[in-house]
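Some notes on the structure that comes next.
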Amino acid sequence: MTIKSKLALSLATIALLSFTGCGSSGSSSSSSTETKTKSNVTVVDGYVTGAKVCDANNVCANTNGNGVATAAFDLTKPLTSKGGFIDLNGNGTQDNDEVSAPDMQVPAGKTTISPLTDLVAKGADSAKLAQILGVSESDIFADPYASNNIDLAKAIQIVYALNQAGVSSKLVKTVNNYTAPEVNTDLPPMETTKTTETKTEKNTTKTETKTASTDLPPMGKKVTTDLPPIGDTEPVAVTKTTETKTEANTTETKAPSTDLPPMGDTTKTTETKKEVKATTTASTGSLKTFVNLVTNLSDDTAVNTFIQNVLNTNVKNATDIETAIATEKKALADSFAKKEAEAPATATTTTETKAEDKTKEETETKAKTEATKATETKTEEDKTTETKTEEVKKETNATTVTPPAIPSTENKTTETKTEEDKTGLTDLPPM
């Protein structure tokens, strides 16, 4: 092979290797793993610090001081939260007065874990739970501290207590069996008022009275004239009489009628028409409704006292509830822990008692069985004896021979005597 041929072959080999390398690089790039989207999950019973949140694929993360765990959780399946505590002073360490959080879960598609979501995950109807509490269904799966929903934050504490008391199954059943009472929502009757105004003027009676004056002389008074005798020349004295005509004085009297209202008064006539709309609807729930429903589900007095204390706690912010009830919650948690510690001893005693009862029962059963067998054996023996007796009796009857009948001597004697009598009578002489 010439140098020229070798050079050509080398160049071809290099080109082929270069082509192969490019193809390999492209394949490696296309097979790279895609990055999954991370989600924030909040754990609340108060904000829970140090809780371990996991999905169904065992992807886990711990919550920070704000109760938030961040990871690429698979939200298509339920999430769980285990451990953690309520960090009241924010130092990141669980102190003696700080309560441990319970293990909780939440249904698929939700990102807030709380005692309420845990209750739903255990089978409670979220719609009915929301109806009882007087909130929307979405509020059940929300962070009440972020929205400052004080009543919902209180409800979380109440459910926590009932779950710790071991009555969560009763609580689920109570929620699911709830039926809201119906209330009458009739509006007040609608009134249509028609007013008629009547204006009455005062009636007037006018009386005219004409009275003749008695102090004046009568009209047409006679005038007497003393004339001198005829023929006298003395001046005639004439008396002038003034005729006075007196008009009667007139008095006008106006008398109001007492039967009619005074002038200007208005009489109102009212006509009312009522329209009633008959409708009923389910009553709106509230935290108090919830408390009334769940109180006494537990026979533990401490639990019921805690529930009432939570209900009556006055705070301005939802985040203040944990601090306000910290002492009561710690005392309640300690009582639960004490009962749990005593439970194994109680369980052992109960197991031993059950074992003793079982042994006693088995002994009694064995004794009864033996007594029954003895009775049955005796009965069989009695039956055998009776059978043998019957057989012996039959054999005895079979071997017994009936002796021949012995003629009666008395009868023979009688017969003989009768014959003798007959013979004697024959020997007597005729009469």
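The values are calculated or read from the model by the stated rules, or taken from the named source; none is laboratory data. Owing to the predicted nature of the structure, the values given are computational and were not obtained by experimental measurement. Cβ: placed from backbone, ideal geometry, glycine included. Neighbour counts: every protein chain shown.
Just a few scattered comments:
- Tally of residues being modelled with pLDDT of 95 or more and touching a Leu at 6+ places or on another chain (Cβ under 8 Å) across region 96-133: 14
- Here the condition is being outside any loop (DSSP other than H, G, I, E, B), modelled with pLDDT of 95 or more and not hydrophobic (A, V, I, L, M, F, W, C); of Ser28, Ser10, Ser81, it holds for Ser81 alone.
- If you check Ala155, Ala142, Ala161, Ala180 for being at negative phi and in contact with a Gly (Cβ under 8 Å, 6 or more places away or on another chain), only one passes: Ala180.
- Filter result for Gln157 (in contact with a strand residue (DSSP E or B) (Cβ under 9 Å, 6 or more places away or on another chain) and in contact (Cβ under 8 Å) with a residue 24 or more places away in the chain): no
- Scan of region 102-139 for residues that are among the hydroxyl-bearing types (Ser, Thr, Tyr), buried (at least 20 other Cβ atoms within 10 Å of the Cβ) and outside any helix (DSSP H, G or I), ordered by number: Thr112, Ser114
- Among the residues making up region 66-86, those that are over 31 Å from the mean Cα position of the chain (by Cα) and not aromatic (Phe, Trp, Tyr) are Asn66, Gly67, Val68, Ala69, Thr70, Ala71, Ala72, Asp74, Leu75, Thr76, Gly83, Gly84.
- Check on Val167, surrounded by 17 or more Cβ atoms within 10 Å (Cβ to Cβ) and either within 18 Å of the chain's Cα centre (by Cα) or modelled with pLDDT under 95 (or both): yes
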